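Derivation of every value follows stated rules applied to the coordinates shown; laboratory data play no part. Just so we're clear, the structure is a prediction, and the values are computed from it rather than from any experiment. Positions of Cβ are backbone-derived with ideal geometry, glycine not excepted, and every protein chain shown enters the neighbour counts.
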Amino acid sequence: MFGLKSHSYLSILLILVFLSVSFPVINAQELSEYKASQQPNPQVAKEQLLLIDDNSAEGRYGGTGNPGFGWFNLLKPDNYPATLKEVRIAFSDGPRGVLKGSPIRIVVYLDPEGNGPNDGQQPSVLFAVTVNNPGNFDSYTLPQPITINSGAFVIGALDTIFVADLPAFGDTIGLVKPVGSQSYFTLDSGKNFLRVDQSFPSFQLQPVTWLIRGVADVEGLAPIISRAFYKKETLKIFGRNLAGDAIVRINGKRIDRDVKFAASLGRLIVKGSPGDLNLKPSGQNNKLVIIVDGTASETFDFTS
């Protein structure tokens, strides 16, 4: 553990403890959690887990004794309208972390521009909760769901009474690059906000993404492919908004093979020879489309 010692506003109030190893704070299945509607209507709302962390924490962060420390993630849905209904936060545990039963405030800002909260911005949602399970994700239902038609939600926690030295978990890897570009913090209850990737390097700190997530109902949610590769007669497809009843099309042909959905890893698995999967010879480009509940992904190019 070490404190940052200088005369600057940030360094006086911000401290960091590094953990020796990365560790999971929740079952990995939640990383790719996805509940699809059973109706084959592409406009029906589906539940999407909004997250930018990689399900591990490498550091603990917080203030040095003054109340008003808050930490927030900017989270964008894959489509609109999107209705936020739940917030999930992993609070830091340990000797200087948050104790079970501690009071904390959940805060949500609307961000139509998708560029982060404004200094002094009034929250759209602010409500008091109790920390139930430090070291793991706690889930909190919003008193009233809120809907956006563009931009993002800025979701986080605010410690207004100083319940812990180090209440926040930070992830140094994250799912969005550069790390910390969608994470913010305040030291004065929201009068001023600082972006993590812009602030931490000045003090020789590695930027982090906070372990904060949201759950939203999103209309017209399409599957998104992020990576695909074929090896040992197995095609693995990684992405978001996938499901076990997905249809796989390769080079314009529907693949008539069993499609398995590994929810814990967020991927589809299809076994078969290159001929079974309509793959072109090794080194040539293939065009992949995934269809879930009648909604198709954008075409994804990959080589086998």
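General observations
- Reachable lysines, given that their alpha-carbon falls under 29 Å from the alpha-carbon of Lys46 and they are not under 8 places away in the same chain: Lys35, Lys76, Lys85, Lys177, Lys236, Lys253, Lys260, Lys271, Lys287
- Around Ile225: net Lys/Arg minus Asp/Glu count, Cβ-Cβ under 13 Å: +3
- Length, then width, then depth: along the principal axes, the Cα atoms of the stretch 150-304 run 62, 34, 26 Å.
- 222 nm mean residue ellipticity, helices alone, for the chain (DSSP H n ≥ 4; -39,500 (n - 2.57); rounded to 500): -500 deg cm²/dmol
- Ala128/Ser202 FRET efficiency (R0 35 Å; Cβ-Cβ; nearest 0.05): 0.55
- Those aspartates and glutamates that a straight Cα-Cα span of less than 18 Å connects to Lys231, excepting residues fewer than 8 apart in one chain: Asp258, Asp276, Asp301
- Fully extending the segment from Lys232 to Ser189 would add 10.1 nm, taking 0.36 nm per residue of separation and subtracting the current Cα-Cα distance.
- Each principal axis of the Cα cloud of the stretch 224-303 was evaluated for its coordinate range; sorted largest first, these ranges are 29, 22, 21 Å.
- Placing one equal scatterer on every Cα of the stretch 92-182 and applying the Debye formula, the log10 ratio I(q)/I(0) at q = 0.20 Å⁻¹ is -1.15.
- Spatially proximal aspartates and glutamates relative to Lys191 (Cα-Cα < 18 Å; intrachain offsets below 8 disregarded): Asp111, Asp119, Asp159
- Cα centroid of the stretch 195-269 to Cα centroid of the stretch 89-115, whole Å: 25 Å
- Over all other residues within a Cβ to Cβ distance under 15 Å of Leu194, the charged ones net out to -1, with Lys and Arg as +1 and Asp and Glu as -1.
- Neighbourhood charge, 11 Å Cβ-Cβ cut-off, centred on Gly174 and excluding it, Lys, Arg +1 and Asp, Glu -1: -4
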